[in-house]
Ligand SMILES: C[S@@+](CC[C@H](N)C(=O)[O-])C[C@H]1O[C@@H](n2cnc3c(N)ncnc32)[C@H](O)[C@@H]1O
């Protein structure tokens with residue numbers, strides 16, 4: 001069988017590779033030719049589209065699962081593209097994530113004895129309904145999941161159909177990822193908004209009224225913050241207060257606050273919550289508890305999406321920071337600190353440790369300062385700055401840092417910034433990563449510069465997806 005870019009092919013998936021790629025093997029003159037298919041699982045027969053063809057392998061996007069894997073089980077959740085493995089028992093997901101992430105450290109990080117340094121795989125405490133944020137899209141182009149057909153002039157509210165940016169599959173039953181009550185009543189919300197006769201967004205034409213609903217949840221308060229995002233086209237015919245009443249009627253006191261955002265920006269990469277907003281009723285913020293500290297979550301603020309799993313991740317990171325390491329009266333840097341959660345939790349376990357938190361997003365730093373105040377923590381200095389520039393501008397810290405916590409974004413840490421971190425000569429670096437491939441790359445650099453990877457653990461923050469978080473302890477020799 002020969003394949004071409006753009007071609008639709010039927011494939012049997014036999015293996016699994018890092019990053020959620022199933023592998024099919026096509027017989028070839030050399031033996032077999034591997035084809036990687038995103039979001040597929042061993043045992044499935046899939047319809048896939050060839051996106052890249054290389055001499056030694058090809059890559060495909062998943063179009064449809066034609067036959068389920070024998071491993072898949074029956075669940076009542078509505079399948080969504082954001083949870084491709086929800087029907088695979090979580091123990092099997094864990095085994096695959098563990099194995100393929102270790103392979104990444106072997107291949108990219110060149111750590112052949114990674115099994116010896118591997119500490120533990122930490123499963124998510126909640127397997128279902130673990131998320132605290134969900135974004136739903138409106139579209140007047142619906143993908144009907146029963147017939148697998150496209151319906152125009154529809155009023156769909158749910159998630160994008162896999163591989164498309166214009167078609168939405170209406171959510172009629174919970175997805176298993178977010179709040180059950182909210183998702184099981186989402187079809188009532190949709191029907192109510194449809195009755196207004198204002199149109200759902202038309203993504204190709206970039207027009208329409210209803211655009212998105214974003215919901216944030218506090219597990220601590222068991223409450224929701226709802227943000228309805230619309231355009232201004234037809235605004236005078238929309239009664240936001242009446243919709244607020246409907247939300248109260250459906251969910252009672254569980255709605256902590258409802259805000260209406262008007263966003264006329266049609267740039268593809270614009271954030272969906274951009275625009276002007278009005279609080280229709282209730283609070284602008286909810287409070288979450290992490291390891292007995294309280295953190296404010298507003299619509300805009302960054303917050304870990306699976307808080308119970310984040311507690312496990314932070315506990316492991318702090319264990320690595322404290323193991324045989326007295327941090328009292330020392331300086332610790334929390335680089336890429338976001339809203340400062342790690343530094344604040346760490347400060348509850350030490351006396352007189354001077355903590356420095358740095359993040360590039362000024363709003364995150366503002367949240368960090370406010371949260372620290374709320375938690376009565378005054379041992380942290382937060383800076384809104386690029387980590388690379390910060391380390392250049394404050395060279396006085398070199399040689400004085402006991403421990404560095406690094407938690408860069410998915411793209412990883414820029415090589416020049418990593419060099420500046422190494423130049424600080426901290427005794428220890430605890431490196432948290434949501435992309436073990438970039439962490440494995442940096443592991444090689446750290447090891448070449450005298451930092452030995454002593455231990456690594458993986459934390460499953462996102463069951464049913466390919467994501468995996470990794471936390472590593474490096475000690476300077
Ligand atoms: C994975 S998040 C860290 C989350 C945080 N440690 C927590 O647990 O909540 C990565 C953070 O890096 C920040 N960031 C990205 N590039 C940066 C840079 N060049 N300098 C400083 N911060 C940066 C982002 O704003 C984001 O908050």
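Restricted to segment 361-477, the set of helices (runs of 4 or more DSSP H) holding at least 3 residues that are away from the ligand (no atom under 11 Å from the Cβ) comprises 362-374, 415-423, 436-448. Of all residues in segment 423-433, how many are without any contact (Cβ under 8 Å) to a residue 40 or more places away in the chain and surrounded by fewer than 19 Cβ atoms within 10 Å (Cβ to Cβ)? So the answer is 1. Test residue 85 against the stated conditions and say whether it is buried (at least 21 other Cβ atoms within 10 Å of the Cβ) and at pLDDT 95 or above. Criteria met by residue 85. Within segment 301-312, residues that are farther than 15 Å from residue 178 by Cβ sit with their Cβ atoms under 8 Å from residues that are assigned to a loop (DSSP other than H, G, I, E, B) and within 10 Å of the ligand (Cβ to nearest atom), at 6+ positions apart or across chains, in these pairs: 301/339; 302/338; 302/339; 302/361; 310/304. Note on segment 1-115: enclosed strands (runs of 3 or more DSSP E) holding 1 or more residues that are outside the structural domain of residue 163 (by TED's automatic domain parsing) and closer than 30 Å to residue 449 by Cβ are 15-17.
Here residue 295 clears all of (1) outside the structural domain of residue 425 (by TED's automatic domain parsing); (2) more than 16 Å from the ligand (Cβ to nearest atom); (3) modelled with pLDDT of 90 or more except the condition numbered (2).
Does any residue of segment 222-231 turn out to be outside any strand (DSSP E or B) and free of Cβ contacts under 8 Å to residues at least 60 places away in the same chain? If you could, list the steps in order and put the result at the bottom.
Keep residues of segment 222-231 that are outside any strand (DSSP E or B), which gives 222, 231.
Restricting the remaining residues to those that are free of Cβ contacts under 8 Å to residues at least 60 places away in the same chain gives 222, 231.
Scanning segment 222-231 turns up at least one residue that is outside any strand (DSSP E or B) and free of Cβ contacts under 8 Å to residues at least 60 places away in the same chain.
For residue 368, the conditions (1) surrounded by 21 or more Cβ atoms within 10 Å (Cβ to Cβ); (2) touching a strand residue (DSSP E or B) at 6+ places or on another chain (Cβ under 7 Å); (3) more than 24 Å from residue 307 (Cβ to Cβ) are fulfilled apart from (3).
Do we find that residue 334 is assigned by TED's automatic domain parsing to the domain that holds residue 471 and either surrounded by fewer than 21 Cβ atoms within 10 Å (Cβ to Cβ) or more than 15 Å from residue 426 (Cα to Cα) (or both) in this structure? The answer is no for residue 334. For segment 166-194, a residue qualifies if it is in a loop (DSSP other than H, G, I, E, B), touching a residue at least 60 places away in the same chain (Cβ under 8 Å) and under 22 Å from the mean Cα position of the chain (by Cα), and the qualifying residues are 171, 174, 175, 176, 177.
Is one or more of the residues making up segment 315-326 in a helix (DSSP H, G or I), modelled with pLDDT of 90 or more, farther than 24 Å from residue 445 by Cα and out of contact with any helix residue (DSSP H, G or I) (no Cβ under 8 Å at 6 or more places or on another chain)?
For segment 315-326, residues in a helix (DSSP H, G or I), modelled with pLDDT of 90 or more, farther than 24 Å from residue 445 by Cα and out of contact with any helix residue (DSSP H, G or I) (no Cβ under 8 Å at 6 or more places or on another chain): present.
As an exercise: evaluate residue 283 against (1) modelled with pLDDT of 95 or more; (2) crowded, with 18+ Cβ neighbours inside 10 Å and give the number of the one condition it does not meet. Among (1) modelled with pLDDT of 95 or more; (2) crowded, with 18+ Cβ neighbours inside 10 Å, residue 283 violates only (2).
For segment 337-360, a residue qualifies if it is near the ligand (Cβ under 9 Å from one of its atoms) and in a loop (DSSP other than H, G, I, E, B), and the qualifying residues are 337, 338, 339, 340, 360.
The values are calculated or read from the model by the stated rules, or taken from the named source; none is laboratory data. It should be emphasised that the depicted structure is a prediction, and the values quoted were computed from it without experimental measurement. Note that we place each Cβ from the backbone using ideal geometry, even for glycine, and neighbour counts take in every protein chain shown.
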